[in-house]
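Read the structure below first, then the notes.
The values are calculated or read from the model by the stated rules, or taken from the named source; none is laboratory data. All values reported here derive from a predicted model rather than from experimental measurement. Note that we place each Cβ from the backbone using ideal geometry, even for glycine, and neighbour counts take in every protein chain shown. Areas reflect the complete protein model, heavy atoms only, side chains present, ligands, DNA and RNA absent. Shrake-Rupley method; radii C 1.70, N 1.55, O 1.52, S 1.80 Å.
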Amino acid sequence: MRNAQPTASHFINGAYVEDTEGALIECVYPATGKVIATLHEATPSIVDQALSAAKAGQKIWAAMTGTERGRILRRAADIMRERNRELSELETLDTGKPLQETLVADATSGADALEYFGGLAATLTGEHIQLGQDWVYTIREPLGVCVGIGAWNYPTQIACWKGAPALACGNSMVFKPSETTPLCALKVAEILHEAGLPAGVYNVIQGRGAVGASLVTDPRVAKVSLTGSVPTGRKVYAAAAERMKHVTMELGGKSPLIVFDDADIDNAVSGAILGNFYSSGQVCSNGTRVFVQKGIKQAFLARLKERLSGAVMGDPMDEATNFGPMVSADQMNIVLGYINKGTEEGATLVAGGKMADREGYFVEPTVFADVTDDMTIAREEIFGPVMAVFDFDTEEEVMARANDTEFGLAAGVFTNDLTRAHRVVAGFEAGTCYINTYNLAPVEAPFGGTKASGVGRENSKEAINHYSEVKTVYVAMTPVEAQF
Ligand code: NDP
């Protein structure tokens, strides 16, 4: 049995902190179902300590120059890259994702965010607006204490995608990881402090939804950034609105991936595999509704089936494994429930469809064909390795069907017709679109959703607008002219 016990459950004011009064959180390795660490939920006293530390730390941090802040974030990025293997192994234990993935997608993308926003920190300025003799200048100010609440699929990345822009702008953060994956964010906090971050600027506390809720409603908090499901997003957004707090909501999706009959089939199959089976399908932006034009349906399905034989399910710590388990028994049962629904409602099972015959929470990569728009697997986010393939005839028809969803996170198109590609993307009701590829999320590009999939954008310069606000200063150079 592997052991990943952290020094303590929480990281507050620059140090590990424990409070055994908090309810137990057992961290389970999804590949074996064995407990690998035991932590405690934050008690009200821990929540209070974290917010007080963040409030005090933010003042010290905001008083530093952008150059100084950026240097610390970039140093943290370097440390993360040096320790990539160790951090990737921890990410694999926390989530069950294969080491083959975590070595290239988690601590590395966290480091990218720290490096990118570290680089931007010194460039954040207001502007000068001349108004005849008078003038206005603006000051770009941090918001204050920000709360980050994470989902369980990318615990290191989410902790950095929220922390890096928040800290670059001079805010502090209290981050609550998902109770399912409590380990990785603690390492992010540890590394940031090793890089020179003042105590209290980045804090991590553990807990279930109620701990998240107590953070959201605390008057010391200026902003909440959530990565999670739409139902949780609705609750958190409403609670934040009560006190008019800033929010970023990175929520779920049911994204369309359209394959026209002129597309390079192998490339389109690669996009569909990447967009449905990476991280065993536990990716918010996945293109889970794959619309294939009728003329290439059989060729597409045949090639897809052939390629699925390349899935290597096994010990996630073995670098040859490219398909891991679901994060938890609960998630596995949710996914199996959707697979049953797919069969019951008349979709054709092309591949997979059941639990793997091995220990851990493995579900086979599953493909349904002949899916119709009203089926449950066509409408609800599954968050597992289940691809639904639909047929279509015309561009006009498929666009209407692709957009007929409450979600609007991502969308993709495979075609070799340049004009059509751009026309289709212009018509997508989605925040993040792809032409002849799928699911890439470099830190330089904005990432986020429209409609029920979210509010605001992460990554890129866009994120700066969501972690700072502008103060306007009007400067009069002439006497005031009053009306009486
Ligand atoms: P959940 O919505 O269940 O939870 C997200 C986080 O919110 C967890 O830390 C959870 O705590 C916490 N939480 C739950 N209730 C509350 C509350 N009332 N107030 C404050 N915090 C609360 O999502 P999952 O963890 O199950 O993650 C999967 C979801 O995340 C999917 O819908 C997926 O699409 C979405 N996602 C979106 C991404 C994006 O960028 N758009 C990226 C990745 C995932 P706990 O779980 O510990 O109880």
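From the residues in region 235-249 that are open to solvent by less than 50 Å² (accessible area, probe 1.4 Å) and either under 20 Å from the mean Cα position of the chain (by Cα) or farther than 14 Å from Pro219 by Cβ (or both), which one is farthest from the ligand (Cβ to nearest atom)? Step through it out loud before you land on a result.
Narrowing region 235-249 to residues open to solvent by less than 50 Å² (accessible area, probe 1.4 Å): 236, 239-240, 245, 247-249.
Going one step further and asking which of them are either under 20 Å from the mean Cα position of the chain (by Cα) or farther than 14 Å from Pro219 by Cβ (or both), we end up with 236, 240, 247-249.
Values: Val236: 5, Ala240: 10, Val247: 12, Thr248: 10, Met249: 8 Å.
That would be Val247.
With (1) within 26 Å of Val283 (Cα to Cα); (2) surrounded by fewer than 16 Cβ atoms within 10 Å (Cβ to Cβ) as the list, and Ala122 as the residue in question, which single condition is left unmet?
It fails just one condition, (1).
More than 16 Å from the ligand (Cβ to nearest atom), within 28 Å of Asn171 (Cα to Cα), of a type outside the set (A, V, I, L, M) and at pLDDT 95 or above - does that describe any residue in region 381-399?
The answer is no; no qualifying residue exists.
With the requirement that a residue be outside any loop (DSSP other than H, G, I, E, B), crowded, with 19+ Cβ neighbours inside 10 Å and within 26 Å of the chain's Cα centre (by Cα), what does region 1-24 give you? Steps first, please.
Taking region 1-24 and keeping what is outside any loop (DSSP other than H, G, I, E, B), we get 10-12, 15-17, 24.
Next cut, crowded, with 19+ Cβ neighbours inside 10 Å only: 10-12, 17.
Those that are outside any loop (DSSP other than H, G, I, E, B), crowded, with 19+ Cβ neighbours inside 10 Å and within 26 Å of the chain's Cα centre (by Cα): His10, Phe11, Ile12.
Based on this model, can you work out whether Arg208 counts as modelled with pLDDT of 95 or more, more than 30 Å from Gly427 (Cβ to Cβ) and near the ligand (Cβ under 8 Å from one of its atoms)? Lay out the reasoning, then the answer.
Details: modelled with pLDDT of 95 or more: yes; more than 30 Å from Gly427 (Cβ to Cβ): yes; near the ligand (Cβ under 8 Å from one of its atoms): yes.
Against the criterion (modelled with pLDDT of 95 or more, more than 30 Å from Gly427 (Cβ to Cβ) and near the ligand (Cβ under 8 Å from one of its atoms)), Arg208 qualifies.
Please specify each residue of region 430-466 satisfying the condition of being among the charged types (D, E, K, R), in contact with a strand residue (DSSP E or B) (Cβ under 8 Å, 6 or more places away or on another chain) and open to solvent by 20 Å² or more (accessible area, probe 1.4 Å). Break it down into steps so the answer makes sense when it comes.
Within region 430-466, the first condition is being among the charged types (D, E, K, R), and the residues that meet it are 444, 451, 457-458, 461-462.
Now narrow it down to the ones that are in contact with a strand residue (DSSP E or B) (Cβ under 8 Å, 6 or more places away or on another chain): 457-458.
Residue satisfying the conditions is Arg457 alone.
For region 389-404, check the following and say yes or no: at least one residue is in contact with a Cys (Cβ under 7 Å, 6 or more places away or on another chain) and open to solvent by 30 Å² or more (accessible area, probe 1.4 Å).
Narrowing region 389-404 to residues in contact with a Cys (Cβ under 7 Å, 6 or more places away or on another chain): none.
Looking for residues that are in contact with a Cys (Cβ under 7 Å, 6 or more places away or on another chain) and open to solvent by 30 Å² or more (accessible area, probe 1.4 Å), one finds none in region 389-404, hence no.
Table: residues versus (1) within 15 Å of the chain's Cα centre (by Cα); (2) not aromatic (Phe, Trp, Tyr).
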| site | (1), (2) |
| --- | --- |
| Ile139 | no, yes |
| Pro142 | no, yes |
| Gly150 | yes, yes |
| Thr156 | yes, yes |
| Trp161 | yes, no |
| Pro165 | yes, yes |
| Cys169 | no, yes |
| Val174 | no, yes |
| Ala199 | no, yes |
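For Thr288, are the conditions met, namely being among the hydroxyl-bearing types (Ser, Thr, Tyr) and open to solvent by less than 60 Å² (accessible area, probe 1.4 Å)? First the steps, then the outcome.
On the way: among the hydroxyl-bearing types (Ser, Thr, Tyr): yes; open to solvent by less than 60 Å² (accessible area, probe 1.4 Å): yes.
Against the criterion (among the hydroxyl-bearing types (Ser, Thr, Tyr) and open to solvent by less than 60 Å² (accessible area, probe 1.4 Å)), Thr288 qualifies.
If you check Ser229 against the conditions, is it of a type in the set (Ser, Thr, Tyr) and near the ligand (Cβ under 7 Å from one of its atoms)?
Considered against the rule, which asks whether it is of a type in the set (Ser, Thr, Tyr) and near the ligand (Cβ under 7 Å from one of its atoms), Ser229 comes out as yes.
Looking at (1) open to solvent by 20 Å² or more (accessible area, probe 1.4 Å); (2) over 29 Å from the mean Cα position of the chain (by Cα), which is the one condition that is false for Ala347?
(1)
What number of residues within region 146-191 satisfy the criterion of being in a strand (DSSP E or B) and either small (Gly, Ala, Ser) or more than 8 Å from the ligand (Cβ to nearest atom) (or both)?
Within region 146-191, residues that are in a strand (DSSP E or B) and either small (Gly, Ala, Ser) or more than 8 Å from the ligand (Cβ to nearest atom) (or both) number 7.
With respect to Ser279, is the statement that it is closer than 30 Å to Gly456 by Cα, touching a Gly at 6+ places or on another chain (Cβ under 6 Å), within 16 Å of the ligand (Cβ to nearest atom) and open to solvent by less than 40 Å² (accessible area, probe 1.4 Å) true?
Numbers: closer than 30 Å to Gly456 by Cα: yes; touching a Gly at 6+ places or on another chain (Cβ under 6 Å): no; within 16 Å of the ligand (Cβ to nearest atom): yes; open to solvent by less than 40 Å² (accessible area, probe 1.4 Å): yes.
For Ser279, the condition - closer than 30 Å to Gly456 by Cα, touching a Gly at 6+ places or on another chain (Cβ under 6 Å), within 16 Å of the ligand (Cβ to nearest atom) and open to solvent by less than 40 Å² (accessible area, probe 1.4 Å) - is not met.
I want to confirm something. Restricting to region 211-224 and keeping residues that are more than 10 Å from the ligand (Cβ to nearest atom) and not basic (Lys, Arg), which single residue is surrounded by the fewest Cβ atoms within 10 Å (Cβ to Cβ)?
If we filter region 211-224 for residues that are more than 10 Å from the ligand (Cβ to nearest atom), which is where we start, we get 218-223.
Of the ones still in play, those that are also not basic (Lys, Arg) are 218-219, 221-222.
Numbers: Asp218: 17, Pro219: 8, Val221: 22, Ala222: 21.
Per the stated criteria, the residue is Pro219.
Any chance region 176-189 includes a residue that's at positive phi, open to solvent by less than 10 Å² (accessible area, probe 1.4 Å) and in the same structural domain as Lys223 (by the TED database)? Give the derivation first.
First, pick out the residues of region 176-189 that are at positive phi: none.
No: region 176-189 contains no residue that is at positive phi, open to solvent by less than 10 Å² (accessible area, probe 1.4 Å) and in the same structural domain as Lys223 (by the TED database).
Tally the residues that are open to solvent by 60 Å² or more (accessible area, probe 1.4 Å) and among the polar types (S, T, N, Q), restricting the search to region 467-477.
1
Enumerate the pairs (first residue in region 149-175 and among the basic types (Lys, Arg); second residue anywhere and within 15 Å of the ligand (Cβ to nearest atom)) with beta-carbon separation below 6 Å, excluding pairs fewer than 6 apart on the same chain, so at least 6 apart or on different chains.
Lys162/Gly148; Lys162/Ser225
Determine whether Ala421 is closer than 27 Å to Arg303 by Cα, within 16 Å of the ligand (Cβ to nearest atom) and aliphatic (A, V, I, L, M).
Considered against the rule, which asks whether it is closer than 27 Å to Arg303 by Cα, within 16 Å of the ligand (Cβ to nearest atom) and aliphatic (A, V, I, L, M), Ala421 comes out as no.
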